[in-house]
Amino acid sequence: MKKLPFFLACILLAGKIAAQEHNMSKDYVVPNDSLVQKNLHKWQGLKFGLFMHWGTYSQWGVVESWSICPEDEGWTQRRGPYGADYYGYKKAYENLQTTFNPTKFSPEKWVAAAKYAGMKYVVFTTKHHDGFTMFDTKQSDYKITSPKTPFSTNPRSNVAKEVFSAFSKENFMIGAYFSKPDWHNENYWWPYFPPKDRNVNYDPAKYPERWQKFKDFTFNQIQELMTGYGKVDILWLDGGWVRPKNTIDASVDWQKTIPYDQDIDMTKIATAARVKQPGLIVVDRTVAGQYENYTTPEQQVPDAPLDHPWESCITMGNSWSYVPGDHYKSANEIVTLLVKIVSRGGNLLMNIGPGPDGDWDPVAYNRLKQIGDWIKINGEGIYNSEAIAPYSEGNTYYTKVGKSVYAFVLAAKDKDAVVLPATISLHLKDQGKVKKITLLGINQKIKYTVVQGVININIPASLQTQNGLNQAAVFKIQY
């Protein structure tokens, strides 16, 4: 057995997110660009996407770049031989650039697995908060294509471009994750002052010229992504503490600690980006307004449908980035998440963190294969669906596509095989006369009665335990 990296000890949270959870904005603003509205509608129909957090931090198996943030939080703990001294640790962390060489990187392998699983769009981390770019920026040498980075000699070293190209060829919508804060940039964490927390370490109002340089740097990097990386459909902006001060929600713990106005001029950024990428969906997370085109509940599923476009971003493992020996959710758990989210009108963006060698854990491929097997049978009730009351009742969840309603009956927790009761009652109102009910994947007539608007499906004994269905059985009710 290989010895795990010493930094693995800093992964403290077993069952929950190993970093902070983002709140959702309270007030949604419908984008005024009709092409953005059109693309949002298309995106809402896709339902299932792939998220990837990847950077030099995968070599240490730590919580993305959070360990260089000088805050006393569970996900920012520094351990190992450099952990005792912040500056020594940060220097060692940034030196990871000189050893990063993910030679097993093959985005086509990811595309094949994601496509089979039924994923329809991808969001890839082009830059996390540490400032290390997974694309060939001209604004900094802290990048995967730098001569300091061994992988720079690889013909596929411009990783973001390779990922976007490979997924585009299979008609995925393309999303670029980009961190607004940049802890490597001297105009965000000015070396004159020590960094105090995740925020800019000087007052931008007091040093406007320095802040303007950071704004220009951010604008230029995003323009690079919008110009030389093919069709980009989504600009997914993280680091919600970089925001105008008048947008801070004082009822949110992490927002009320933001000390300064950190306005980076989203109007300029979004307008210029949409010149290059017309109809671009912009997701300025937690900053309500024209540039948060959908909201992103993190590691959670809303209890009821929301009145605007939304996406739950959830990890397949416990962590966003690669951790050796991470615990991955079962196929049952993932299908349950997908069904619950879609029944409430949302999308599931599921994260898998590539390792330092440039590949996923074999368990991730196995999970995607299992999900794909289920999607092959039941996907028609997922894609382009809408929420329909009562949304769920007990272990049954609903979606609607056209004139058909789909009832998803989940398998028991921790079980793959679906066991059905003798009778299933569906309380669907005002849908009209039922013409036919089928059980997807089963070529057997399904009998039912409708009594005072309640549909009672009678399950033959042979289908109750020996149906061969896994994760969730789906009944199609045609009107």
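Structure data summary
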{"read-out": "Which of 247, 412, 305, positive extreme of dipole for the chain (C-beta unit charges)", "value": "412"}
{"read-out": "Segments 430-437, 393-400, 31-38 sorted - mean Cβ within 10 Å per residue, highest first", "value": "393-400, 31-38, 430-437"}
{"read-out": "Computed FRET value (nearest 0.05) for residue 116 with residue 357, which takes r as the C-beta separation and R₀ as 22 Å", "value": "0.50"}
{"read-out": "Positive-pole candidate from 55, 76, 107, dipole of the chain, charges at beta carbon", "value": "107"}
{"read-out": "Placed amide H near residue 469: partners under 5 Å, 5+ positions off or other chain", "value": "418"}
{"read-out": "Theoretical gain in end-to-end length, residue 26 to residue 450 [0.36 nm per residue, Cα-Cα removed]", "value": "148.6 nm"}
{"read-out": "DSSP beta bridge pairing in the chain, given as percent antiparallel to the nearest 5", "value": "50 percent"}
{"read-out": "Amide N proximity, the range 311-330 versus residue 73 label position 7 Å along Cα-to-Cβ, cut-off under 20 Å", "value": "312-323"}
{"read-out": "Heavy-atom accessible area per residue - the chain, 1.4 Å, Å²", "value": "41 Å²"}
{"read-out": "Order of exposure, largest accessible area first, which applies to 98, 438 with probe 1.4 Å", "value": "98, 438"}
{"read-out": "Potential extension, residue 213-residue 276 segment - 0.36 nm per residue separation minus Cα distance", "value": "20.4 nm"}
{"read-out": "Within the accessible area of the range 134-224 (1.4 Å probe), percent carbon and sulfur", "value": "49 percent"}
{"read-out": "Relative contact order for the chain, counting Cα pairs under 8 Å that sit 6 or more residues apart, in percent", "value": "17 percent"}
{"read-out": "Rounded FRET efficiency, nearest 0.05, which uses the C-beta distance separating residue 373 from residue 267 and R0 of 56 Å", "value": "0.75"}
{"read-out": "Whole-percent carbon and sulfur share, accessible surface of the range 433-479, 1.4 Å", "value": "47 percent"}
{"read-out": "Residues of the range 265-298 with amide N under 16 Å of a point placed 7 Å along Cα→Cβ from residue 220", "value": "269"}
{"read-out": "Cα centre as origin, Lys/Arg/Asp/Glu Cβ charges: the chain dipole, Debye", "value": "1500 debye"}
{"read-out": "Pairwise FRET efficiency - residue 87 versus residue 366, Cβ, R0 = 35 Å, nearest 0.05", "value": "0.25"}
{"read-out": "18 Å Cα-Cα reach of residue 169 towards aspartates and glutamates, excluding residues that sit fewer than 8 places from it in its own chain", "value": "108, 233"}
{"read-out": "Computed over the range 243-387, Cα set: Rg, Dmax in Å", "value": "18.2, 52"}
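The values are calculated or read from the model by the stated rules, or taken from the named source; none is laboratory data. Since the model is a prediction, treat every value here as computed from it, not as a measurement. Note: ideal-geometry Cβ built from the backbone for every residue, glycine included; neighbour counts use all protein chains shown. Note: accessible area is taken over every heavy atom of the protein model, side chains too, but ligands, DNA and RNA are not part of it. Shrake-Rupley method; radii C 1.70, N 1.55, O 1.52, S 1.80 Å.
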